[in-house]
1. Under a point-charge model restricted to the Cβ atoms of Lys and Arg (+1) and Asp and Glu (-1), what is the dipole moment magnitude of the chain relative to its Cα centre, in debye to the nearest 20?
2. Shape verdict for the range 48-121, please, from the Cα gyration tensor: rounded (a/c under 1.5), prolate (a/b greater than b/c) or oblate.
3. What number comes out for the charge environment of Ile139, summing +1 per Lys or Arg and -1 per Asp or Glu over other residues with Cβ under 12 Å away?
4. Which percent of the accessible heavy-atom area of the chain goes to carbon and sulfur, probe 1.4 angstrom?
5. Within the set of other residues whose C-beta is less than 9 Å from the C-beta of Val97, count the net charge using Lys and Arg as +1 and Asp and Glu as -1.
6. Below 8 Å between Cα atoms, with a sequence gap of 6+, how large is the relative contact order for the range 61-190 in percent?
7. What is the mean projected area of the alpha carbon convex hull for the chain, to one decimal in square nanometres?
8. First select every other residue whose beta carbon is under 10 angstrom from the beta carbon of Lys213; then total the charges, Lys and Arg +1, Asp and Glu -1.
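The values are calculated or read from the model by the stated rules, or taken from the named source; none is laboratory data. Keep in mind the model is a prediction, meaning the values are calculated, not measured. For neighbour counting, all protein chains shown are included, and Cβ atoms are generated from backbone atoms with ideal geometry for every residue, glycine included. Calculation scope for accessible area: heavy atoms of the full protein, side chains included, ligands and nucleic acids excluded. Shrake-Rupley method; radii C 1.70, N 1.55, O 1.52, S 1.80 Å.
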Amino acid sequence: MATVWFTWVGVFLGFAVSINEVNCWQNGHATYYGEYENPTSLGGACGYDNTMHAGFGINTAALSGALFKGGVACGACYQVRCNARTDPKWCIKRAVVVVTATNFCPPNNHGGWCDHPRQHFDLSSSAFFRIARRANEGIIPVVYRRVPCKRKGGVRFTLKGHSTFNMIMITNVGGSGSVQAAWIKGTRTRSWIQMHRNWGANWQSSVNLTKQKLSIKLTLADGKTLVFFDVVPSSWSFGQTYASRNQF
């Protein structure tokens, strides 16, 4: 079993989630996608192969650019409520849903709902109809806020790439949900190697780490850091997912 080290970064890093973003309700709008599609198979712009496999379930959302922030929001959780004060006809009063950001809602740059700087959620149909009836044109006003993610089991690491190009998809992350920095260390490397976001939830390094046990260190948006010692065995292979017993 992998051991773990945990700390709280007392001074928030520059990319940390603001207090207002976490605690305060903010105004936005929501639509829905995939009414006749299976949302569990939609990996989206975060690169998740399957939202069920990633630990996120079916209540997911594609975010407008103002929220997605180039993939920084991947894995983050939002509590969303239809704004009944603005639209009492279509909202289900007092209903709320928690969704995970798994995709990007691209702008059309012609006044579309996902154009900057609009705060917009394109929800899975499952999430949308938890809070609203079949609205006119499928658009509703919402209020939303960031909330901690509650996950079953530990953080998961899926290895991709080849011997000199390691890419790891990081999923099922609790706490603030979104990974802001990642490092990797093999049993034969002297120090931690900083990884870089390739795209979405996929992080890369360019060091040959084959036949080594791997430890991974993550820092989330709220500044919390967790180290997963020897979370990947030396017998690892590309395409496999390794789950820690530890969670934020």
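1. 680 debye
2. It is oblate, given that a/c is not under 1.5 and a/b is not larger than b/c.
3. -1
4. Ligands and nucleic acids excluded, carbon and sulfur give 52 percent.
5. After counting each charged neighbour, the total is +2.
6. The normalised contact order for the range 61-190 reaches 31 percent.
7. Averaging across all directions leaves 13.7 nm² for the Cα convex hull.
8. +2
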